Every structure is written in C-alpha cells, then in structure tokens.
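One structure is given below, represented as structure tokens, and several questions about it will come after.
The values are calculated or read from the model by the stated rules, or taken from the named source; none is laboratory data. The structure displayed is predicted, hence computed values, not measured ones. Here the Cβ is made from the backbone with ideal geometry for all residues, glycine too, and neighbour counts use every protein chain on show.
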Amino acid sequence: MEVVNWKELLYPYAQAVDELLLKFQSLDKECRNLGLYSPIDSVSGRLKRPSSILEKAGRKKIPAAKIVEEIEDIAGIRILCQFVEDIPKVIDMVRQRKDMTIVEERDYINHTKPSGYRSYHIIIRYPLHTALGEKTVFAEIQIRTNAMNFWATAEHSLRYKYSGNIPQDLQDRLKNCAEAAFHLDTEMGTIREEIMNAKRLNEIRSHLVSNILENLQNLYFVAKLDDMNEINREFIRIWNEEDMDALKEFNEKLNIMAEMYQI
Ligand code: 0O2
C-alpha cells in the first residue's frame, strides 16, 4: 500500500467529529433547557484509528488513494438512547437536518447482524469549511440504546483481542448476552412511560428548588433578617416533607416577594 499522510488525511475528519459532536450535544441540551423530552441520552465521537483504517482497507481491497472515497466511517458519532422507542426520534432529527446529506441508512436493529450486533447506522456527507477551503467528508452516525452499546463495546474488545476470530464458545455466550440485552430493552420499554414521568417530575423539582434557592439568596440582601430566617425555616420544613405542591406554592410566594423588592 502507498504511503499515506495520516495527519493530512485525518485533519478534516477530526474537525467533522468536533462539529457533529457539538451539534448533537447542543440539540440534546436545547431540548432539556426548553423542558422538552430529549431522545438523546449521550453523544460521543471518535476518529477511526489508522490501524483500523488500514485493516478495513486491506480487508475490502481499497487502495490508499481511495480510502477517503470508500471508507465512510473515518469520522464517527455515536448517539445513545435510553429506550429503543427513542431511536426513530433521533433518526428523524438527523433526517431533518439541512447541514448534512444522508447517503445511506443501515438498520441493524430490525436486521440484527449474525454476531448479535444491533444498531442503526446513518452515513452522511458533511460539508466543512477548513483553513484550506471547503471540503465534504463522509461520517457515520451510529444510533443505539445503552444496552445495545454495552454489548457492542464488549464484543468489539473481544473482536480485537482475537483479531476477528472469536472462539465459538465465546461467540455463543456473546449471542446469549445479545439476547439478554434485547430482553432488557424490551422490558425497559414496558415501563418507559413510568420512567419518563419520574424524570419529568425530578426535572421540575430540581428546577423549582434552583429557583427557590436563587430567590432566597437575593432576598437575603434586601429583606429583614428575621423574616428571612423564618422563610428559610419554612423552606427546610417543606423540603423535608417532599410535597411538590407545597414547593410550588412556596416558590410562587418567593416570586411575589422578589417582585415586591424589585429583584
Ligand atoms: P471501529 O473501531 O469503531 O472503527 P465492516 O465491514 O462491518 O467493518 P461496513 O460494512 O463498512 O464495515 O460498515 P458497518 O457494518 O455499517 O459499520 C462498521 C462499524 O459498525 C464498525 O466499525 C463497528 O463500530 C460497528 N459494527 C459493525 N458490526 C459490528 C459487530 O458485529 N460488532 C461490533 N461490536 N461492532 C460492529 P469498526 O471498523 O469495526 O470499528
């Protein structure tokens, strides 16, 4: 194989990973800040290692000059979801974007790989503005649940350890683990509504408490100390009772006080 200038080859892909990571993380953050449900649990990105690029190029008989055109996962983004039901929502988020073009979608969730691998892959073309001008690169977005990811990362390590030839008994056990991960996803799906409601309640509660603490802190500067000590005791009592309605009422009371003091 011809000599590859890895630094030059990888540079735009590193930029693509950074940009895509930021974009999907912002999307998640924005949903949460707006109080909307975010189907994204976490996002990570990676640049394919030269050894892995060479291995793939060798396996697929891709000459060095064609690596950029034919290896589509040099830049990789992984989006993890809590529930299988969140995956189509993330796929839609990707499909709606105007800053990337979908080239191919590979559904290894409905078409599980023989290894037991499950994940949804979207290959995109992503335009970049680099210091050396405009450049469009391929990137792969993998979308999967935490359970699918747990299995895939473990299997990936074994695949490397055994250079792709995992002993049969280990393969069988991995298949069992894949089934257990599938079962976990299915079971979690049945209590999804319950978990989502609990998450929503926790978020509302922590938002309320942050508001209360901010108001208390500001009021300490302007209100009478005795009044504030009394209000603080009331807060601790309500906090200990864990009564959401009482917390809401207390927050309202502080909002009115803050308005009175023109905070
Ligand atoms: P790394 O270290 O993440 O770069 P392929 O021929 O399977 O290598 P193909 O057909 O171009 O590649 O694309 P595919 O199958 O859509 O995606 C390849 C990537 O998906 C792999 O990259 C893995 O990250 C993941 N993947 C695909 N199949 C499996 C599997 O059976 N087990 C695990 N653990 N991961 C899989 P690399 O190059 O293997 O890894």
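Taking the conditions exactly as written (over 15 Å from Glu140 (Cα atoms), in contact (Cβ under 8 Å) with a residue 40 or more places away in the chain, outside any loop (DSSP other than H, G, I, E, B) and charged (D, E, K, R)), does Asp86 satisfy them or not?
Spelling it out, Asp86 is indeed over 15 Å from Glu140 (Cα atoms), in contact (Cβ under 8 Å) with a residue 40 or more places away in the chain, outside any loop (DSSP other than H, G, I, E, B) and charged (D, E, K, R).
Could you list, in sequence order, all residues of the stretch 108-161 that are in contact (Cβ under 8 Å) with a residue 60 or more places away in the chain and acidic (Asp, Glu)?
Glu140
Give the residues of the stretch 164-202 that are away from the ligand (no atom under 12 Å from the Cβ), polar (S, T, N, Q) and over 21 Å from the mean Cα position of the chain (by Cα), sorted by residue number.
Result: Asn165, Gln168, Asn176, Thr190.
Something else about it: Residues of the stretch 17-27 being out of contact with any Lys or Arg (no Cβ under 9 Å at 6 or more places or on another chain) and within 16 Å of the ligand (Cβ to nearest atom), which ones?
Selection gives Leu20, Leu21.
Go through the stretch 63-99 residue by residue and tally those that are at pLDDT below 95, surrounded by 14 or more Cβ atoms within 10 Å (Cβ to Cβ) and in contact with a Phe, Trp or Tyr (Cβ under 9 Å, 6 or more places away or on another chain).
So the count comes out to 1.
Oh, and also: Going by what's in this entry, would Ile102 be described as modelled with pLDDT of 95 or more, of a type in the set (A, V, I, L, M, F, W, C) and under 19 Å from the mean Cα position of the chain (by Cα)?
It is false that Ile102 is modelled with pLDDT of 95 or more, of a type in the set (A, V, I, L, M, F, W, C) and under 19 Å from the mean Cα position of the chain (by Cα).
Oh, and also: Being surrounded by fewer than 16 Cβ atoms within 10 Å (Cβ to Cβ) and touching a Leu at 6+ places or on another chain (Cβ under 8 Å): is that true of Thr145 here? Before you say what the answer is, go through the steps one by one.
On the way: surrounded by fewer than 16 Cβ atoms within 10 Å (Cβ to Cβ): no; touching a Leu at 6+ places or on another chain (Cβ under 8 Å): yes.
Here the answer is no, as Thr145 does not meet what is asked.
Among the listed residues Leu174, Leu213, identify the single one that is at pLDDT 95 or above and loosely packed, with under 13 Cβ neighbours inside 10 Å. Step through it out loud before you land on a result.
Values: Leu174 fails: loosely packed, with under 13 Cβ neighbours inside 10 Å.
Result: Leu213 is the single residue among Leu174, Leu213 that is at pLDDT 95 or above and loosely packed, with under 13 Cβ neighbours inside 10 Å.
Looking at the stretch 28-45, which of the residues that are closer than 20 Å to Val17 by Cα and buried (at least 16 other Cβ atoms within 10 Å of the Cβ) is nearest to the ligand (Cβ to nearest atom)?
So, considering only residues that are closer than 20 Å to Val17 by Cα and buried (at least 16 other Cβ atoms within 10 Å of the Cβ), the one nearest to the ligand (Cβ to nearest atom) is Gly45.
Taking helices (runs of 4 or more DSSP H) that do not extend beyond the stretch 169-263, which have at least 3 residues that are in contact (Cβ under 8 Å) with a residue 40 or more places away in the chain and closer than 25 Å to Gly35 by Cα?
192-222, 244-260
With the requirement that a residue be within 16 Å of the ligand (Cβ to nearest atom), charged (D, E, K, R) and more than 28 Å from Met188 (Cβ to Cβ), what does the stretch 85-137 give you?
Matches in the stretch 85-137: Glu104, Arg125.
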